[in-house]
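The next block holds one structure in the form of structure tokens; read it before the comments.
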Amino acid sequence: MARSSSGKSVARAAATGGGATYRGQMPINWYAALVVIVLVGLASVAFAKYHYNQGASTTEPTVGTTWHGALAIDICGTTQPSLAASPSSASTGLTTTGSGVLSIAPKTAGQAGDNATVGKFASGYKDLALTNTSLQLPGTKTPVYKNGEKCPTGTPDAGKKGVMLARSWIITTQTKHNQQVQTGGATTTKPADLRFADRQLITVGFVPAGTKLPKPPGTTISALLQVLSGTQPVATTTTTTAPATTSSTAATTSSTAATTTSTTAAPTTTTSQPTTTTTKPSSTTTTK
């Protein structure tokens, strides 16, 4: 049986993948499904990152936390001067206020939690280079101390091979015999990775292996305790009104406070009897 003309047309359309009208249509459903898949994927990534950051932020110190500690540096048995205070314009939240006192107040996630380390502090302090294997202090042409090198001449450990170490303690909130209790004393061979803790004492050193590093100096610990207690150092006061006082008693007291070797009666004689200077020049000379 001969095939009809309509049958031939259907056959031709099937062979070419459909008619011209069908081929011109955009596969909207396919593109829509693709867009949905991409959006779901992006949302999943964002959701996972959010929860990751939330989990990381719970590790102290968190952003907004403020801790205090103390840091000392020992080179071959000699404690170095405390680092100068970090500039007020410092972008990092891991700084020193001077006198060896540290302020651990992370500003970003990169300074908080597991990132709040001695190495992170050093990276934000100008000209201080501190890693797990080397140390260079701020200053012009300061030497670089590297693991395995000998301690320089003139130091207590001169000639001995040094390595990077760190030792830390915690000042507890308890007291014994009216003194703050300090615990810890653990040593690490990776000082740059040492994480900060609140009320922490740290001594970093380039010293012979096996050395038990000492605690920071007493002046540094005292400065930290003052910060922890919220007190300020007691300032020395000077009485400025005493020289202007005409009372003989005030004058005597002022002279005594100024020096113990001066004659206290001399200012009274000069004030109450000015003619004595004229008749007894030798007395004036002795007073000077």
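The values are calculated or read from the model by the stated rules, or taken from the named source; none is laboratory data. Small disclaimer: the values here were computed from a predicted structure and weren't measured. Counting neighbours? That spans all protein chains shown, and the Cβs are built from the backbone with ideal geometry, glycine included. Side chains included, ligands, DNA and RNA excluded: accessible areas come from the protein's heavy atoms. Shrake-Rupley method; radii C 1.70, N 1.55, O 1.52, S 1.80 Å.
So here's what we get for this one:
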item	result
Sole exception among (1) out of contact with any helix residue (DSSP H, G or I) (no Cβ under 7 Å at 6 or more places or on another chain); (2) open to solvent by less than 50 Å² (accessible area, probe 1.4 Å); (3) not aliphatic (A, V, I, L, M) for residue 132, by number	(1)
Residue 156 being more than 12 Å from the chain's Cα centre (by Cα) and in contact (Cβ under 8 Å) with a residue 12 or more places away in the chain	yes
From 166, 122, 197, 186, residue being in contact (Cβ under 8 Å) with a residue 60 or more places away in the chain and outside any loop (DSSP other than H, G, I, E, B)	122
Some residue of the stretch 69-88 being more than 21 Å from residue 205 (Cβ to Cβ), open to solvent by 70 Å² or more (accessible area, probe 1.4 Å) and touching a Gly at 6+ places or on another chain (Cβ under 8 Å)	no
Odd one out for residue 64, checked against (1) modelled with pLDDT of 95 or more; (2) part of a loop (DSSP other than H, G, I, E, B); (3) over 30 Å from residue 209 (Cβ atoms)	(1)
Output for the stretch 159-192, where each listed residue is among the basic types (Lys, Arg), open to solvent by 50 Å² or more (accessible area, probe 1.4 Å) and within 23 Å of the chain's Cα centre (by Cα)	190
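Here is a yes/no grid of residues against (1) in contact with a Lys or Arg (Cβ under 7 Å, 6 or more places away or on another chain); (2) of a type outside the set (S, T, N, Q):
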site	(1), (2)
150	yes, yes
153	no, no
159	yes, yes
164	no, yes
169	yes, yes
179	no, no
184	no, yes
